[in-house]
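The values are calculated or read from the model by the stated rules, or taken from the named source; none is laboratory data. This structure is a prediction, so every number in the text was calculated from the model and none was measured. Cβ: placed from backbone, ideal geometry, glycine included. Neighbour counts: every protein chain shown. All accessible areas refer to the heavy atoms of the entire protein, side chains included, with ligands and DNA or RNA removed. Shrake-Rupley method; radii C 1.70, N 1.55, O 1.52, S 1.80 Å.
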Amino acid sequence: MNNTTGKQVLLINDLPGYGKVALAAMVPLLSRMGHYTFQLPTAVVSNTLDYGKFRIQDLTDFMKDTLKVWDELGFDPDCICTGFVLSIEQVEVIRSYLEERTPDKKRLVVVDPIMGDGGHLYNGIGPDRVDAMRQLVRLADVMVPNMTEAGFLTGRGPGVESGTSQEIRSLVDQLREISGRSVVITSATEITETGASRHLVCGYDCTRQEYFQVPYEYLPVRVPGSGDIFSAVMTGELLEGKTLEASVEKAVRVLSKLIAENQGHLQGYKGIQVEQYWEVIAEI
């Protein structure tokens, strides 16, 4: 997994005071994969939100000032990967930054439109935020919504967490219409002709012009930061020249292994200490 020709990756996500989520989970993984990370926190969060009590410090002004300084210093990342965004204003800051990048350098842009799960938007996120996020994913080389977010982005509607093979393919195509690029849906549940269900990560690779499906075993345990781990591994593999399907397969294997290793002894909502499992990850 080590990469001797590592890329410079700008990570735009929140920074937790307690918990291996967001930047705290992504930075060590991408660093161990051989990439150099820039961290642009959208917010400082006291702890993972699952605890129900937390403090969030909005860093919109810091984001604006930091991007200006980085431009003055000539910092020019090879990849921009976005996660949790606190407001519509922050979406606009990121969107402007992406649009202003000079076209003479090909960058990988990965957008995880974190807005909801389980058929519902998170508290404080409404239709205006969905509209703003739809504008942001238009700029993504790879968008990475879960099934809930895919439904809201396409207007398919809330609460639709499963579908037939044809319905899921149609959802992927609707997402493709937004960006014209690659799509990864991280939590699709396919209902088969026999009425059984299977869990998939599925999508479309615009470079190879191919659809793909990667099945996985669903483990009934809540693991904060799992989406961040998935995005980090997938992005790191893409930067090493792997295909999107191969990158997704690796991310699924890594995340499944980490959840399996931890499901019996997860402590609260602090997530997975990814550094502790690097040897396990490296063998996958």
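Worth pointing out:
- Positive dipole terminus of the chain, leading residue within ILE12, TYR36, CYS206 (C-beta point charges): TYR36
- Taking only the Cα atoms of the chain, the ratio Rg/Rh comes out at 0.93, with Rh defined as the Kirkwood radius.
- Averaged over its residues, the range 115-223 has an accessible area of 48 Å² per residue, based on protein heavy atoms and a 1.4 Å probe.
- The count of lysine pairs in the range 1-146 that are at least 8 places apart or cross chains, and whose C-alpha atoms lie under 20 Å apart, stands at 4.
- Antiparallel content of DSSP bridges confined to the chain, in %, to 5: 45
- Of the solvent-accessible surface of the range 1-147, computed with a 1.4 Å probe over protein heavy atoms with every protein chain present, carbon and sulfur atoms account for 52 percent.
- Computed over the Cα atoms of the range 45-185, the ratio of the radius of gyration to the Kirkwood radius (Rg/Rh) comes to 0.99.
- log10 of Debye I(q)/I(0), alpha-carbon scatterers only, for the range 1-121 at 0.17 Å⁻¹: -0.92
- Carbon plus sulfur fraction of accessible area for the range 161-284, probe 1.4 Å, in percent: 43
- For the chain, modelled as a GNM whose springs connect Cα atoms under 10 angstrom apart, the maximal fluctuation among VAL144, VAL27, VAL93 occurs at VAL93.
- Calculated [θ] (222 nm, deg cm²/dmol) that DSSP helices of n ≥ 4 give over the chain, each run adding -39,500 (n - 2.57): -12000 deg cm²/dmol
- C-alpha center-to-center spacing [the range 1-77, the range 188-235] in angstrom: 24
- Projected-area average for the range 13-82 over all orientations - Cα convex hull basis, square nanometres: 5.1
- The value obtained for the range 57-137, namely the Cα convex hull volume divided by the number of residues, is 99 Å³ per residue.
- Two-decimal ratio, the range 105-216, of alpha-carbon radius of gyration to 2.2 N^0.38 Å: 1.03
- Per-residue ³J(HN,Hα) for the range 175-180, Karplus 6.51 cos²θ - 1.76 cosθ + 1.60, θ = phi - 60°, Hz, x for Gly and Pro: 5, 4, 5, 6, 10, x
- Cα-Cα separations in the range 157-270 greater than 24 Å, expressed as whole percent: 30
- Percent of beta bridges antiparallel (DSSP, the range 130-284, rounded to nearest 5): 80
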